[in-house]
Amino acid sequence: MGTDEKNDGGDEPMKIAEQWRGIWVIAYRDLLRFTGDRIRLVSALAMPIIFLVIFGAGFNNVIGQLAPGIDFMKFVYPGIIAMTVLNSSLMSGLSIVWDREFGFLREVLVAPLSRGSVVAGKIVGSAVISLAQGIIMLVIAPIVDVRLTAMLVLKLVPVLLIISISISALGILIASRMRSQQGFQLVMMVLLMPMTFLSGVMFPVNNVPVWMEVISKVNPLTYGVDAVRQLFLAVQPLPAGIPAGIPMPSAIGVTVFGRTMGVLDDTLVVAGLGILLLIMAVVTFSRQE
Amino acid sequence: MNAIEINGIVKKFGQLVAVDGISFNVEKGEIFGFLGPNGAGKTTTINILCTLLLPTSGKASVNGFDVVRERRQVQRSIGLVFQDPTLDDYLTAEQNLRFHAYAYGVPRDVREKRMTELLELMELNDRRRSRVSTYSGGMKRRLEVARGLLHHPQVLFLDEPTLGLDPQTRRHIWDYITTLRKQENLSILMTTHYMDEAEYCDRIAVIDHGKIVALDTPTRLKDSVGGDVVSLQADNQEQALIELKESFKLSPVVQNGMVSFSVPRSDVFLPEFLRSFRSGIRSISVRRPTLDDVFLKLTGRAIREQEAGAWEQMRRMMGAMNR
Ligand SMILES: Nc1ncnc2c1ncn2[C@@H]1O[C@H](COP(=O)(O)OP(=O)(O)OP(=O)(O)O)[C@@H](O)[C@H]1O
Ligand SMILES: [Mg+2]
């Protein structure tokens with residue numbers, strides 16, 4: 001039982017205008033809700049900060065330097081930014097499940113909007129919110145002694161957006177099949193908690209047992225985390241005696257089939273996966289009744 | 001062209017046949033009512049017509065557009081008030097309405113004007129900037145009705161629109177809807193459990209177990225019951241039932257603890273009946289048939305037995321006494 005996406009609209013004039021309207025109205029509502037919801041904003045930021053403070057301060061002295069000039073704090077901070085974006089992006093899925101449970105989804109589904117534009121609108125809203133949260137996290141950079149440059153922030157924006165779009169698509173894909181919040185939370189626990197921890201947020205995924213390494217390398221989040229981290233580490237001051245401009249130490253980076261991934265490689269992997277997830281999300285969401 | 005044409009629609013949920021081959025047409029400008037007990041398939045039929053559900057088989061069109069193949073055009077033609085809440089509680093009333101207006105592409109000048117008009121009508125204008133989560137149940141309901149009307153739909157679906165509203169508000173809403181219908185030739189498909197509301201309908205389909213068991217104007221449906229309805233409370237119900245069947249050749253039914261039956265003319269029937277009825281009678285009342293009686297006659301069950309309680313009975317008796 002299902003409706004094909006091609007049957008979703010029928011032939012009609014002004015289709016493009018209507019698609020844009022759909023994207024904008026769905027994103028608008030998610031942004032309205034986000035700005036009206038202080039609790040969500042605070043809790044979204046409190047969690048990573050607590051992580052950072054506890055793990056960062058706790059491990060910083062124990063672990064020492066992971067590479068010349070890179071202490072644990074400098075290592076984990078970019079990971080936490082990526083994690084903030086991941087968590088916030090997954091909320092797009094939760095919000096669909098939530099809307100289904102509280103009925104609002106029906107208001108959306110009977111409106112003259114294509115399912116594709118509803119998905120796109122959810123993703124746009126989620127990407128903007130996630131980016132905002134990631135950027136807000138930058139405020140604590142001076143406190144944890146991480147250097148920021150204008151160029152870094154500028155490069156960070158597209159990378160975080162691409163991560164957010166891909167993960168939002170994943171969230172919506174899962175949500176399209178879920179009928180209850182409990183179900184969605186369960187999937188989050190079973191699938192996404194390990195995915196987060198095995199993405200290199202907390203530790204480099206190179207000198208770990210093979211099974212762990214394999215999971216990490218097929219985990220799309222790994223590449224997102226790596227891209228963000230490389231951007232950060234590239235601008236951190238190096239101790240005297242080490243020449244600038246050398247590639248990131250391979251002990252920290254991600255190596256696939258002998259190739260150490262650069263920022264562009266990582267971003268392309270995430271983007272490619274994102275496109276795949278996006279198509280799957282649109283198809284699945286359109287098929288549901 | 002009719003506003004709604006529905007032809008042999010069937011909807012199955014696994015083994016359960018929720019809608020079992022329904023066919024009818026709703027004319028342009030008509031108010032068409034669905035009357036039936038819980039689980040009869042009313043909401044399922046509406047969900048199919050508004051493109052939320054796909055029919056298992058059969059064809060249906062709304063405003064001339066096929067509900068499966070031309071979903072977008074159907075969606076543009078219709079307005080809905082769902083049976084269950086569909087508001088975003090975290091947004092204000094105004095934000096909920098704006099979302100709706102944007103989603104339906106209502107032009108800006110029309111939007112603000114109509115929003116205020118509807119909020120005033122629903123007596124929500126002074127609370128338009130409050131979050132919906134701070135609203136009472138009735139206020140939420142009124143806001144849903146306002147939202148369903150906001151984009152000037154051509155066909156309106158109302159699934160128990162006034163559930164839980166006080167009589168005064170219900171009147172307001174119905175006055176407005178009937179005015180709109182005259183002004184804009186609005187067609188309406190509605191369900192309700194309030195009998196007085198069913199009277200607003202031009203025609204009513206009585207639906208039970210997913211099938212239409214009768215379809216006619218409210219007046220003719222009530223006439224089909226045959227004359228007046230007599231209800232009595234007997235000392236011995238069993239005995240009274242037997243006597244009514246055997247000596248009077250009537251077909252009595254038990255409704256809310258009362259034995260009731262219909263007779264063509266109660267003014268002729270009653271004096272003779274009271275003289276010759278041998279079972280003891282505690283109370284007796286006569287009234288014009290209601291749509292409830294129509295349903296009872298067609299299916300042998302009351303529409304909402306549990307709700308037509310003591311109060312309803314009392315009201316009916318008073319009504320009978322006043323005449
Ligand atoms: N999504 C669904 N999955 C399975 N069964 C369903 C679903 N929706 C409705 N049903 C079943 O279909 C039947 C008809 O339900 P429907 O909601 O159409 O009744 P209704 O006439 O609107 O009743 P009410 O007066 O209580 O609103 C019921 O038996 C119900 O349990
Ligand atoms: Mg219903």
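Near B:Leu215, the amide H atoms lying under 5 Å from its own belong to B:Val206; only residues 5 or more places off or on other chains count, and H is placed 1.01 Å from N. In the protein assembly as shown, the portion of solvent-accessible area held by carbon and sulfur atoms comes to 61 percent [1.4 Å probe, whole percent, DNA, RNA and ligands not counted].
Per-residue mean of foreign Cβ neighbours for B:96-107 is 5 (Cβ atoms of other chains, 10 Å radius). Considering all alpha-carbon pairs of segment B:34-156, what whole percent are spaced by more than 23 angstrom? When every Cα pair of segment B:34-156 is considered, 37 percent fall beyond 23 Å. Looking at segment B:136-227, the pairs of alpha carbons with a distance over 17 Å make up 54% of the total.
Amide H contacts of B:Ala234: B:Val259, B:Arg282, each under 5 Å away and 5 or more positions distant or on a separate chain (H built 1.01 Å from N in the peptide plane; Pro and chain starts excluded). Label-to-label distance, B:Arg69 versus B:Ser23, with points set 7 angstrom from Cα along the beta-carbon direction: 1.9 nm. Each of B:Arg220 and A:Ile143 was given a label point 7 Å from its Cα along the Cα-to-Cβ line. The distance between the two points is 7.7 nm.
Taking all protein chains into account, the per residue accessible area for the protein assembly as shown stands at 44 Å² (1.4 Å probe).
Applied to segment A:100-109, the Karplus parametrisation 6.51 cos²θ - 1.76 cosθ + 1.60 on θ = phi - 60° returns per-residue 3J(HN,Hα) values of 5, 5, 9, x, 4, 4, 5, 4, 6, 6 Hz, with x for Gly and Pro. Taking the 0 to 90 degree range and rounding to the nearest ten, how far is the long axis of helix B:108-121 tilted relative to the main principal axis of chain B, both from C-alpha atoms? The two axes meet at around 30 degrees.
Net charge within 15 Å of B:Glu5 by Cβ-Cβ distance, Lys/Arg positive one each and Asp/Glu negative one each, not counting B:Glu5 itself? In short, 0.
Distance from the Cα centroid of segment A:19-89 to that of segment B:30-94 is 42 Å (rounded to whole angstrom).
Here is how the number arises for chain A: DSSP H runs of 4 or more residues each give -39500 (n - 2.57), the sum is divided by the residue count, and the result at 222 nm is -22500 deg cm²/dmol. The stretch between A:Ala150 and A:Glu213 holds 19.3 nm of extra length on full extension. This uses 0.36 nm per residue minus the Cα-Cα distance. Computed from backbone phi, the HN-Hα couplings of segment A:183-200 come to x, 5, 4, 5, 4, 4, 5, 5, 9, 8, 4, x, 4, 5, 6, 9, 10, x Hz, rounded to whole numbers (Karplus: 6.51 cos²θ - 1.76 cosθ + 1.60, θ = phi - 60°; Gly and Pro given as x).
Taken over the protein assembly as shown, the percentage of Cα pairs per 10 Å bin, counting from 0 up to the bin with the maximum distance, is 3, 14, 20, 18, 14, 12, 8, 5, 3, 2, 0, 0, 0.
The overall shape of chain B is prolate: from the C-alpha gyration tensor, with semi-axes ordered a ≥ b ≥ c, the ratio a/c is 1.5 or greater and a/b exceeds b/c.
For segment A:20-35, putting each phi into the Karplus relation 6.51 cos²θ - 1.76 cosθ + 1.60 with θ = phi - 60° gives couplings of 4, 4, x, 4, 5, 5, 5, 5, 4, 5, 5, 5, 4, 5, 5, 5 Hz, in residue order, rounded to whole numbers and with x for Gly and Pro.
Do any trypsin sites (Lys or Arg not before Pro) in segment A:123-182 lie in a loop, going by DSSP, with at most 15 other beta-carbon atoms within 10 Å of their beta carbon, and if so which? Kindly include the intermediate steps, with their values, before the conclusion.
Values: sites: A:Arg147, A:Lys155, A:Arg177, A:Arg179; in loops: A:Arg147, A:Arg179.
Sites meeting the loop and neighbour criteria: A:Arg147, A:Arg179.
Once backbone amide H atoms are built at 1.01 Å from N, B:Gln255 has B:Ser260 as its partners under 5 Å, excluding neighbours fewer than 5 places away on the same chain.
Ignoring ligands, DNA and RNA and using a 1.4 Å probe, state the total buried accessible area between B and A in Å², rounded to the nearest 100.
Answer for the B-A pair: about 3100 Å² buried.
Using the alpha carbons alone, the radius of gyration of segment A:55-183 stands to its Kirkwood radius in an Rg to Rh ratio of 1.11. Using C-alpha pairs under 8 Å with a sequence gap of at least 6, the mean separation divided by the residue count of chain B gives a relative contact order of 19 percent.
Nearest 10 degrees is fine. How inclined is helix B:266-276 to the longest principal axis of chain B, computing both from alpha carbons? In chain B, helix B:266-276 runs at an angle near 40 degrees to the longest axis.
Please report how far the C-alpha centroid of segment A:140-184 lies from that of segment A:103-133, rounded to the nearest whole angstrom. Taking the Cα centre of segment A:103-133 as reference, the centre of segment A:140-184 is 17 Å away. Mean sequence separation of contacting Cα pairs (under 8 Å, at least six apart), scaled by the length of chain A, corresponds to a relative contact order of 28 percent. Of A:Lys15, B:Lys245, the order by accessible heavy-atom surface (1.4 Å probe, DNA, RNA and ligands excluded), from most exposed downward, is B:Lys245, A:Lys15. Volume of the convex hull of chain A (Cα atoms only), normalised per residue: 148 Å³. Charged neighbours of B:Ser279, selected by a Cβ distance under 14 Å, balance to 0 (K, R count +1; D, E count -1). Between the beta carbons of A:Ile50 and A:Val190, assuming R0 = 22 Å, the FRET efficiency works out to 0.40 to the nearest 0.05. Legend: residue pairs B:Lys140/B:Lys182; B:Lys11/B:Lys297; A:Lys122/B:Lys42; B:Lys11/B:Lys113; B:Lys113/B:Lys140, Cα-Cα distance threshold 30 Å; pairs beyond threshold, A:Lys122/B:Lys42; B:Lys11/B:Lys113.
The values are calculated or read from the model by the stated rules, or taken from the named source; none is laboratory data. All of these numbers come straight from a predicted model, not from anything done at the bench. Every residue, glycine as well, gets a Cβ built from its backbone with ideal geometry; the counts of neighbours run over all protein chains shown. Note: areas computed on protein heavy atoms with side chains; ligands, DNA, RNA excluded. Shrake-Rupley method; radii C 1.70, N 1.55, O 1.52, S 1.80 Å.
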